[in-house]
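The values are calculated or read from the model by the stated rules, or taken from the named source; none is laboratory data. Everything numeric here is computed off the predicted structure, so don't read it as measured data. Quick reminder, even Gly has a Cβ in these numbers, built from the backbone with ideal geometry, and neighbours come from all protein chains shown. These area figures cover heavy atoms from the full protein model, side chains too; ligands, DNA and RNA do not enter into them. Shrake-Rupley method; radii C 1.70, N 1.55, O 1.52, S 1.80 Å.
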Amino acid sequence: TFEIDLHRPSGMNNVINIVIWKNTGPSGAYTLHVLNTDGSNTFNYTATSSNIYIQIRQAGTYYLDNIRMYRTYEDTIFVSGYEVDRFEGFEPHPIYDDFSVPTFDGQHNLIKGGSWISTGNEATRDARYAFRRHFFQHAGFRYVEGEPVRPPASKGDGYYETDAQLAQYCDSHYGRSYFGVANFPRTLVEYALRQMEGRAHGAALDIGCATGRATFELAPHFDSVTGLDFSARFIQIAQAMLDEGQIAYALPTEGELTEDRAASLAALGLEPRDNITFWQQDACNMKPHFTGYDLVLAGNLIDRLYDPGKFLDDITGRINPGGLLVLASPYTWLEEFTPREHWLGGFVEDGRPVTTLEALIKRLEPSFELVGEPADIPFVIRDTARRYQHTVSQVTVWSRR
């Protein structure tokens with residue numbers, strides 16, 4: 001027996017219940033009963049087709065429109081009906097303003113929780129999810145079982161990361177130094193802080209923060225620090241370090257072999273601070289409330305963006321007058337990250353080479369002043385026990401006019 005409550009559309013005064021069950025009669029037959037709220041039977045419909053479209057228009061107080069019933073694998077029933085609309089007092093959330101509002105267009109129907117999904121909050125009876133009416137693929141759901149997935153880190157539960165690339169970033173941010181090359185996030189922050197002398201230290205933004213080391217280094221020097229990264233998994237690691245003060249990870253040595261490593265803020269002379277927040281965010285499409293910064297730090301970011309020019313144009317209005325934009329990049333332009341038409345430099349145009357530095361000067365100088373000369377800061381990333389990447393990042397500092 002499947003029972004689905006569909007609440008009334010605009011203009012109805014009562015709730016109508018719909019009860020669907022498999023008949024004991026001919027194989028594959030289904031009976032649909034529409035009941036009013038006092039339980040009396042107002043409409044019966046018996047169908048024998050395996051793929052049924054039912055439209056009920058009944059004059060009077062009770063009105064039911066666009067009921068769709070699908071028979072699918074293992075006799076699962078899906079019913080969708082009324083257009084989704086806002087409840088009285090609805091207001092969009094400023095951080096997720098495009099979730100519900102686009103569905104209030106008269107072209108989306110409500111699918112009630114529990115009748116079509118088995119996991120997540122969609123499975124609860126109070127879930128309300130809206131879909132356009134072409135969602136006939138509900139008739140083709142199949143059951144898939146995968147390997148157990150570890151839940152996100154939380155207080156009292158240490159974070160252990162086995163993904164090779166993420167472990168690589170954990171090590172480059174919180175691990176030991178190699179070949180005498182100092183930790184890059186810490187060195188970059190120290191350089192930025194020297195440029196900040198005599199300037200306001202209100203809010204700082206670490207954009208492209210990865211696993212968060214520079215964010216923690218900035219925190220003692222600013223009223224608030226925000227770390228943003230496109231990768232939700234990087235943000236998960238940074239948040240775990242903020243919550244627990246420590247992480248563990250498996251660092252590749254050779255082939256499938258790994259060695260266990262651990263890192264803590266305390267061992268680095270740092271500590272979790274309540275002025276730190278981490279968010280997943282696209283650097284080229286940031287929410288408007290990420291603004292009002294005295295320092296924006298973008299470490300090894302611009303040559304990994306799909307549209308670095310858009311990022312530079314957008315970040316200008318998010319920095320306070322007199323604030324600093326610190327860009328660090330090795331300028332390793334690759335089409336797998338950035339379409340060639342969006343490269344800032346690293347190509348020949350009209351017979352002459354165009355460097356990223358001259359492109360930055362041309363793009364930023366209307367709103368920024370270049371502070372001092374560019375500087376070079378090296379960094380090393382360990383791939384395996386016997387292979388390392390040694391890279392030099394050029395750092396430029398820009399003061400907002």
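Inside the stretch 259-295, can you point out the residues that are of a type in the set (Lys, Arg) and either open to solvent by 80 Å² or more (accessible area, probe 1.4 Å) or part of a loop (DSSP other than H, G, I, E, B) (or both)? Quick ask: steps written out before the conclusion?
Going residue by residue through the stretch 259-295, those that are of a type in the set (Lys, Arg) are 261, 273, 287.
Those that are of a type in the set (Lys, Arg) and either open to solvent by 80 Å² or more (accessible area, probe 1.4 Å) or part of a loop (DSSP other than H, G, I, E, B) (or both): 273, 287.
Selection of the stretch 387-401 for residues being surrounded by fewer than 18 Cβ atoms within 10 Å (Cβ to Cβ) and closer than 30 Å to residue 168 by Cβ yields 387, 388, 389, 390, 391, 392, 394. Of all residues in the stretch 157-173, those satisfying the criterion of being at pLDDT below 90 and either over 14 Å from residue 240 (Cα atoms) or within 20 Å of the chain's Cα centre (by Cα) (or both) are 159, 161, 162, 163, 164, 165.
Being over 14 Å from residue 167 (Cα atoms), surrounded by fewer than 16 Cβ atoms within 10 Å (Cβ to Cβ) and in contact with a Ser or Thr (Cβ under 7 Å, 6 or more places away or on another chain) is the requirement here; does residue 253 meet it? Considered against the rule, which asks whether it is over 14 Å from residue 167 (Cα atoms), surrounded by fewer than 16 Cβ atoms within 10 Å (Cβ to Cβ) and in contact with a Ser or Thr (Cβ under 7 Å, 6 or more places away or on another chain), residue 253 comes out as no.
Here the stretch 199-225 is the region considered, the condition is being more than 23 Å from residue 171 (Cβ to Cβ) and in a loop (DSSP other than H, G, I, E, B), and the residue that is most open to solvent (accessible area, probe 1.4 Å) is 223. Listed by position, the strands (runs of 3 or more DSSP E) contained in the stretch 296-386 that have at least 1 residues being surrounded by fewer than 20 Cβ atoms within 10 Å (Cβ to Cβ) and basic (Lys, Arg) are 352-354, 375-384.
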